[in-house]
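The values are calculated or read from the model by the stated rules, or taken from the named source; none is laboratory data. Remember, predicted model here, so these are calculated numbers, not experimental data. Every residue, glycine as well, gets a Cβ built from its backbone with ideal geometry; the counts of neighbours run over all protein chains shown.
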């Protein structure tokens, strides 16, 4: 069986008040790393004019603290005007 842990859109702009959730995700990531399960991070940057969230190059668009610098992880960035495109 193939497995992977997929972490989607856990970025500063939406996780400011979710410390408990971040802790749970960090625990799951540690479990995956120890078990040899690949970790895939997917995040998006909003390219819409006048956007306030997920704006490229801002701290808000970055992965939440604690999820950064994961060696050996797969990183995918989605750049769209709308997350649903």
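Quick notes on this one:
- Once the stretch 64-76 is narrowed to residues that are under 10 Å from the mean Cα position of the chain (by Cα) and within 22 Å of residue 3 (Cα to Cα), the residue that is modelled with the highest pLDDT is 67.
- Among residues of the stretch 19-54, those that are surrounded by 12 or more Cβ atoms within 10 Å (Cβ to Cβ), in a loop (DSSP other than H, G, I, E, B) and at pLDDT below 85, counted: 5
- Long-range neighbours under 6 Å by Cβ, at least six apart or interchain, first residue over 17 Å from residue 37 (Cβ atoms) within the stretch 1-27, second loosely packed, with under 13 Cβ neighbours inside 10 Å and modelled with pLDDT of 80 or more: 12/59
- Of all residues in the stretch 1-18, exactly one satisfies the criterion of being more than 14 Å from residue 64 (Cα to Cα) and crowded, with 16+ Cβ neighbours inside 10 Å, namely 5.
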